[in-house]
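Engineer: Shown below is the structure under consideration.
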There are 6 protein chains.
Amino acid sequence: MRTDGRQTNELRPVTITAGVNKYAEGSVLIEVGETKVICTASVEERVPPFMKNQGKGWITAEYSMLPRATHSRNHREAAKGKLTGRTMEIQRLIGRALRSVVDLQALGERTITLDCDVIQADGGTRTTSITGAFLALCLAVNKLSTNVTFTKYPITDYLASVSVGVIQDQPMLDLAYDEDSKAKVDMNVVMTGSGQFVELQGTGEDAPFSRKELSELLELAEGGIAELIAKQREVLGEAAGLIGGGAEK
Amino acid sequence: MRTDGRQTNELRPVTITAGVNKYAEGSVLIEVGETKVICTASVEERVPPFMKNQGKGWITAEYSMLPRATHSRNHREAAKGKLTGRTMEIQRLIGRALRSVVDLQALGERTITLDCDVIQADGGTRTTSITGAFLALCLAVNKLSTNVTFTKYPITDYLASVSVGVIQDQPMLDLAYDEDSKAKVDMNVVMTGSGQFVELQGTGEDAPFSRKELSELLELAEGGIAELIAKQREVLGEAAGLIGGGAEK
Amino acid sequence: MRTDGRQTNELRPVTITAGVNKYAEGSVLIEVGETKVICTASVEERVPPFMKNQGKGWITAEYSMLPRATHSRNHREAAKGKLTGRTMEIQRLIGRALRSVVDLQALGERTITLDCDVIQADGGTRTTSITGAFLALCLAVNKLSTNVTFTKYPITDYLASVSVGVIQDQPMLDLAYDEDSKAKVDMNVVMTGSGQFVELQGTGEDAPFSRKELSELLELAEGGIAELIAKQREVLGEAAGLIGGGAEK
Amino acid sequence: MRTDGRQTNELRPVTITAGVNKYAEGSVLIEVGETKVICTASVEERVPPFMKNQGKGWITAEYSMLPRATHSRNHREAAKGKLTGRTMEIQRLIGRALRSVVDLQALGERTITLDCDVIQADGGTRTTSITGAFLALCLAVNKLSTNVTFTKYPITDYLASVSVGVIQDQPMLDLAYDEDSKAKVDMNVVMTGSGQFVELQGTGEDAPFSRKELSELLELAEGGIAELIAKQREVLGEAAGLIGGGAEK
Amino acid sequence: MRTDGRQTNELRPVTITAGVNKYAEGSVLIEVGETKVICTASVEERVPPFMKNQGKGWITAEYSMLPRATHSRNHREAAKGKLTGRTMEIQRLIGRALRSVVDLQALGERTITLDCDVIQADGGTRTTSITGAFLALCLAVNKLSTNVTFTKYPITDYLASVSVGVIQDQPMLDLAYDEDSKAKVDMNVVMTGSGQFVELQGTGEDAPFSRKELSELLELAEGGIAELIAKQREVLGEAAGLIGGGAEK
Amino acid sequence: MRTDGRQTNELRPVTITAGVNKYAEGSVLIEVGETKVICTASVEERVPPFMKNQGKGWITAEYSMLPRATHSRNHREAAKGKLTGRTMEIQRLIGRALRSVVDLQALGERTITLDCDVIQADGGTRTTSITGAFLALCLAVNKLSTNVTFTKYPITDYLASVSVGVIQDQPMLDLAYDEDSKAKVDMNVVMTGSGQFVELQGTGEDAPFSRKELSELLELAEGGIAELIAKQREVLGEAAGLIGGGAEK
């Protein structure tokens, strides 16, 4: 039995509010249980130096937590003067995951930066950031498409992410913070709408895991991600069908 | 006539939501027009090295804007590896202003850190941060007082802040961003509940100002701050009377 | 009665020595009591990136104290690897104040950097820096004008600065360090030759102040600044009349 | 057919030289094909602050590449003044993986730091670092055990790592650099001597992957890691049996 | 013939003014031609961590140039956020040289920091800093000795420094900036009052030099340093005899 | 008698292995006793900004020690976020010394960077780096010359370096670490094949030294450097004669 009474294969309540920022080209507030992340997508009509003159766009992400997003206050990275390894790892993951479902050629020479700012943290901030940032990205592309004619719709598939873990030999979906801290195995899974893996990061720091456990964890993740993608479709409404369509507009 | 139809002595709509963070000892979301700031108060049972062994507490503040709080995206200070001069100036101002209404002796050897994170910026982020942070501080002190017996209530007076400026020779209260950018004089005023000045920062970069203009600006600020303090009292409810009371509990 | 026997409305002795640096386009050593600041003006025939292609010039300032300018030695900011908030705040103030009396269009596409290096500090280093830097700026513009034909003289008015404060309920002019440390209100005032305010920064960290006190403080500041500008005129000699003249040369 | 003629399930030639550093408590030079890494283990009789007074030890790792370890020269991180996200990610991974097979209680209050310095890089530097660092760690523990009586042998299992990937729909073991750069899926696997997973990091940036592909990749990894552990046993010689024995000495 | 008409073995005019800083325990302004350096000595009653509990003192030095000490303005190291290699090299040299004539045991557990701030630079700033810093150190020790009873006088010998160089095959003493920039060999020499070498740093970047040239350069340096030490004796006056005396006071 | 039984004028065993890095244009592993340094030369077809448009090339060097190159582990400079003064001093020395024997005009507009990475340190790492880096540079120039026609061979003379010192009044050649730490005088000498000095850095921190001692030290250095240059010639083989030839190819 889980602290909050959930089944082992049950997500926490998910709420997504679109348009929470009046300046950003795309924005959502995503809440998964008590974890709350503001995701904004900012479009710039230029690409970073290493992408120049390739006729392609770029997607990048930044991640941060407010100092009091957690039980006790953390020092600000800006005050310390550098990003922690954890932050760098997470923002590299978010950017990489999003790029896997974007046709950079179709996007054209522009950069979309996804900012994931964790307002409150209760486990799963990186997976929640990916699920939310994907939506902010879609909203920004849709806004862009009112001015720009894409040769094809640049987003090729849905993308969402969830954590799974093993607690006292029981595989479970979507760990809250207190669960995460007692899990012997912890895995973050990113999948597409077509049910394929984009990222798989499993860690057995406290105890290694077997192929059988891996299998059960992936099963749980697939279920959770399917639910999250259904939520994403609801938020997108009519625009939901554009993704992966690739049709010329 | 102002862009949004306000009178020259009229504040933008002010909304304050208390308790927006489940971990912080005190927290509010303060909205002044389209400017939105999350203020959290975090209590630690120790003081910084320079305050050690004095039997006193400490109040400090940090200020930050989300990258897309503004029209175009700003680089994160954490990514740049240092705070801008503007940020340092603002957080020093917030801390100094709050300390002016706290009896550090009465607070005892603990530190309260006020984090002011600007979610969306439309002018007046520093004054809004002060008005909100004061409330977060009160909420944290009230929460503390359920466990700690203060010799006297450590908050000695109300505190709020507003900006004023001169636009085309017309003094105006509470400038929104588009007004601020065309003001020839820009002044931030911090006042107490007893109507005295705590901070006065006026700048005439584009044109200097006379004592008469100063007088008119201060008049406007006094009116605005009185309104803001009335809002603060509403939020505090029954606890409103404790401030400045100084009575032993 | 003040420690050094001054009247409440009396400046400390002011000595200004021009031409103290053989390389700088303009330079002064300004001494106000025991506070000593070397101000140099350096001209470069280019503007910073954000001012490019506007046909305008730029004025900027940097401020620093030698490590042993003060009673006990301070760590060098260069060794610590970053500027303190205090330094940033002061150098932003100096630059902003000077720009208020420069016609950047008339200056043309060049940058003048004012370096204010405090050799010895005894209160009022930021106000003394402004008063001295204004002169170094004038000297540099005068030197420039031997090679460059300005469409009009780029300096539009005199500029000087002084501190005022309230000590034991008595407003006083030009606080020395030991006075400053016991003042309940501390205010820095920057004014033009025509008697208008450019910057007003008042802080009542230890106790707030009333409008009446503010009035008395501004009175004192006006008197002190008029005296400082008289000193500036003496240093400039024949060139004193050029300022604000705006006549084509 | 692979560039170097290997089978899809074939490791590159592996050479391990122990004792390459006369000061380090444990050291190896590990060569996997043209990838060469010096791994040293340094023992200190103290633990980092966050581990104090727990009666436990700590294992940590650092990773770096010589500037010309790669085809074209990279800037030194020391000269740039900060670690890249990639470096942080890798050294966090190495430390976490090694800790999974160390009984920190049995190790006692000491820290072992594993430095993995890549002398030449041709793909798989992070996996090679793990395989080599594990050995340097064993050598250091063995050296320690001549002076210290452990209650049980602190290393609980073997540990090695290898990369696998999918190139043109063909899963392959141990990718060299030119293979890695054209792989659509790239996965790093860390396993124990008992055949369980410690870390699984799979990325399908260029194309997502299916559960079937995952299965084939894990198969290949299991084979490669078994071979690497056999090599480790050879290097350890008689001491090979101590690992996981846990017997009191 | 030298630009300024000096003989090849002639120093530039040397002026030393003691007591230029009202707070520092020792201070001088040293001028060698147009090179001007303020040297202050600051005493602290503690030693750095690596010198703790050895019953000894420590001498250290810092060096900096004002931004406009030179022909064209240099960026401040504090603004760049790090010291240049040149600065580090110079301040290490100054500290090492001074320590060679101090009996750290006799000094007792205190630190004296010598700050050498170059107000104007015209060649020889590092050698001028050493000559001046030695005096500031003596003045501080003499001031200390009014409160502290040293077992023996802690300064064991005089110390001064001068540059020499080869210009168009002619060895010359005390190079000014324009000479230095055309010298093919450049050497900084630090010597004691007893005529021995403490530091010798010769560089033939543009052309190597022979032992004969070296001999002639050292001859010149010996002459110049003897003159500088005579100047130091004048400044110290009656206290000149204490140095190297070592007698108990 | 020296710890390792050497004569006072005897070098430690010197071994030089060329071609240790498969990517670098030139590379050697140089071992002098237990001191081991990997030197690589990297060629880039561009020059740093300050050398642009002069028709000349540039030679620069970087120096680093692996964390466990020494008896006890040192913190990585990359982790600390800055280079130590010692590192900066050494890499400036290496670059300057190498440039003294390169005709930058003849080299053409390209940069050669010499990386000296100390794998194991037992005294003399900076002198060993210079001796090794010179060879890596020659190898890179020789490799370049297969594609580029130099107007003349850009390396004008041989270059090597050795340390000397005085231990218990006895001048000695090539100090190992334990000797270095008890030497009262420590000197690094860089000389050309024609027997002239390029750099001379002598320090008598613990006791100053006389001209006679200096003479004896230089004698020893000359002998040692002649031997090192003989070793360099062996490594270069047929290409040995090109150096200083200056003949058009």
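Engineer: Check chain C and count each lysine pair with an alpha-carbon distance under 18 angstrom, considering only pairs eight or more places apart or from different chains.
Structural biologist: The number of close lysine pairs in chain C is 7.
Engineer: Continuing with the same structure: 222 nm [θ] for the protein assembly as shown, helices only, -39500 (n - 2.57) per DSSP H run of 4+, per residue, to 500?
Structural biologist: Roughly -9000 deg cm²/dmol at 222 nm, from the helical runs in the protein assembly as shown.
Engineer: At 1.4 Å probe size, with every protein chain present, just tell me what the per residue accessible area of chain C comes to in Å².
Structural biologist: 38 Å²
Engineer: Calculate the mean, over all residues of peptide A:83-96, of how many other protein chain Cβ atoms lie within 10 angstrom of the residue's Cβ.
Structural biologist: Mean inter-chain Cβ contacts per residue within 10 Å come to 4.
Engineer: So what's the gap between the Cα centers of the range B:91-124 and the range D:80-94, to the nearest angstrom?
Structural biologist: The two parts, judged by their Cα centres, are 35 Å apart.
Engineer: Please get the size of the charge dipole for chain B, origin at its Cα centre, with Cβ charges of +1 on Lys and Arg and -1 on Asp and Glu, quoted in debye to the nearest 20.
Structural biologist: Result for chain B is approximately 820 debye, rounded to the nearest 20.
Engineer: To continue, here is another question. Please compute the contact order of chain D in relative form: average sequence separation of alpha-carbon pairs under 8 Å and at least six residues apart, divided by the residue count, as a percent.
Structural biologist: Once normalised by length, the contact order is 21 percent.
Engineer: Tell me, what are the semi-axes, in whole angstrom and largest first, of the equivalent ellipsoid of the range F:1-156 as set by the roots of 5 times the Cα gyration tensor eigenvalues?
Structural biologist: Result for the range F:1-156: semi-axes of 29, 19, 14 Å.
Engineer: For q values of 0.15, 0.22, 0.26 Å⁻¹, compute log₁₀ I(q)/I(0) with the Debye formula on a Cα-only model of the range F:115-195, without solvent.
Structural biologist: Listed by q, the Debye log ratios stand at -0.64, -1.01, -1.19.
Engineer: So, R0 is 45 Å and r is the distance between the beta-carbons of E:Ser194 and F:Glu34; what FRET efficiency does that work out to, to 0.05?
Structural biologist: 0.75
Engineer: According to the square roots a ≥ b ≥ c of the eigenvalues of the Cα gyration tensor, what is the shape class of the range C:66-225, taking rounded for a/c under 1.5, prolate for a/b larger than b/c otherwise, and oblate for the remainder?
Structural biologist: Taking the square roots of the gyration eigenvalues as a ≥ b ≥ c, the range C:66-225 is oblate.
Engineer: Check each of the trypsin sites (Lys or Arg not before Pro) in the range D:1-56 and keep only those in coil by DSSP with at most 13 other C-beta atoms within 10 angstrom; list them in order.
Structural biologist: Here the trypsin sites (Lys or Arg not before Pro) that fit, given the DSSP loop and packing criteria, are D:Lys22, D:Arg46, D:Lys52.
Engineer: Additional query: Of C:Met191, C:Thr156, C:Ile225, whose Cα points farthest to the positive end of the dipole of the range C:150-249 (charges on the beta-carbon: +1 Lys, Arg; -1 Asp, Glu; origin at the Cα centre)?
Structural biologist: Result: C:Thr156.
Engineer: Express the carbon and sulfur contribution to the solvent-accessible surface of the range B:52-172 as a percent, rounded to the nearest whole number, probe 1.4 angstrom.
Structural biologist: That share works out to 45 percent.
Engineer: Show me you know the interface measure: the accessible area buried between E and F, both chains summed, probe 1.4 Å, in Å² to the nearest 100.
Structural biologist: Roughly 2900 Å² of accessible surface disappears when E and F pair.
Engineer: Could you pull the copy-to-copy label distances for C:Glu219, with points set 7 Å along Cα to Cβ, in nm to one decimal and sorted shortest first?
Structural biologist: Distances to the matching label points in the other copies: 2.1, 7.8, 8.7, 8.7, 9.6 nm.
Engineer: Compute the Cα gyration tensor for the range E:12-81, then decide on rounded, prolate or oblate, letting a ≥ b ≥ c be the square roots of its eigenvalues: rounded whenever a/c is under 1.5, prolate when a/b is larger than b/c in the other cases, and oblate in all that remain.
Structural biologist: Verdict is oblate for the range E:12-81.
Engineer: Something else now. Which of the three applies to the protein assembly as shown, rounded, prolate or oblate, going by the alpha-carbon gyration tensor with a ≥ b ≥ c and a/c under 1.5 meaning rounded?
Structural biologist: Oblate, since a/c reaches 1.5 and b/c is not below a/b.
Engineer: On average, how many beta carbons from a partner chain sit within 10 Å of the beta carbon of a residue in C:107-120?
Structural biologist: Mean inter-chain Cβ contacts per residue within 10 Å come to 2.
Engineer: In Å, the Kirkwood hydrodynamic radius of the range F:121-166 over pairs of distinct alpha carbons?
Structural biologist: For the range F:121-166, the Kirkwood estimate is 12.3 Å.
Engineer: A further question follows. Suppose every Lys and Arg Cβ carries +1 and every Asp and Glu Cβ carries -1, with no other charges. What dipole size does the range F:143-249 come out with about its Cα centre, to the nearest 20 debye?
Structural biologist: 600 debye
Engineer: Next question. What is the antiparallel percent of DSSP beta bridges lying wholly in chain D, to the nearest 5?
Structural biologist: Bridges in chain D that DSSP calls antiparallel: roughly 85 percent.
Engineer: Which residue, E:Thr40, E:Thr131, E:Thr15, has the most motion in a Gaussian network model of chain E that connects Cα atoms within less than 10 Å?
Structural biologist: Comparing E:Thr40, E:Thr131, E:Thr15 in a Gaussian network model of chain E, the most mobile one is E:Thr15.
Engineer: Next question, about the same structure. Where the label is 7 Å out from Cα toward Cβ, how close does D:Asn147 come to the same position in every other copy, in nm, shortest first?
Structural biologist: 4.4, 4.4, 5.1, 6.8, 6.8
Engineer: Along the axis that rotates chain D into chain E, which residue of chain D has the nearest beta-carbon, and what is the gap in whole Å?
Structural biologist: Checking which Cβ lies nearest the axis yields D:Gly81, 5.
Engineer: Per residue of A:36-43, how many C-beta atoms from partner chains lie within 10 Å of its own C-beta, taken as a mean?
Structural biologist: Neighbouring Cβ atoms belonging to other protein chains average 3 per residue here.
Engineer: Same structure again: From Cα pairs below 8 angstrom and at least 6 apart in sequence, can you work out the relative contact order of the range A:116-180, rounded to a whole percent?
Structural biologist: So the answer I get is 43 percent.
Engineer: In a GNM of chain C with a 10 Å cut-off on Cα contacts, which of C:Glu25, C:Glu227, C:Glu205 has the highest mean-square fluctuation?
Structural biologist: Among C:Glu25, C:Glu227, C:Glu205, the largest mean-square fluctuation in the Gaussian network model of chain C belongs to C:Glu205.
Engineer: A further question on this structure: Taking Cα atoms, how many degrees apart are the long axis of helix A:85-99 and the longest axis of chain A, rounded to 10 and kept between 0 and 90?
Structural biologist: Helix A:85-99 sits roughly 50 degrees off the main axis of chain A.
Engineer: Would you please give the FRET efficiency between B:Asn53 and C:Asp178, computed as 1/(1 + (r/R0)^6) with r the Cβ-Cβ distance and R0 = 22 Å, to the nearest 0.05?
Structural biologist: With R0 = 22 Å, the Cβ-Cβ based efficiency is 0.35.
Engineer: Along Cα-to-Cβ, 7 Å out, sits the label point; list in nm, shortest first, how far the one on D:Ala207 is from those in the other copies.
Structural biologist: Those separations, rounded to one decimal, come out as 3.9, 6.7, 6.7, 7.6, 7.9 nm.
Engineer: When the dipole is taken about the Cα centre of the range F:38-124, and only Lys, Arg (+1) and Asp, Glu (-1) are charged at their Cβ, what size is it in debye, to the nearest 20?
Structural biologist: So the dipole magnitude of the range F:38-124 works out to roughly 320 debye.
Engineer: How high is the relative contact order of the range E:169-249? Use alpha-carbon pairs under 8 Å, at least six apart in sequence, and give a whole percent.
Structural biologist: The normalised contact order for the range E:169-249 reaches 28 percent.
The values are calculated or read from the model by the stated rules, or taken from the named source; none is laboratory data. Note that the structure is predicted; figures quoted are calculated from it, not measured. When we count neighbours, we look across all protein chains shown, and the Cβ atoms used for this are built from the backbone with ideal geometry, even at glycine. Just the protein is used for accessible areas: all its heavy atoms, side chains included, with ligands, DNA and RNA removed. Shrake-Rupley method; radii C 1.70, N 1.55, O 1.52, S 1.80 Å.
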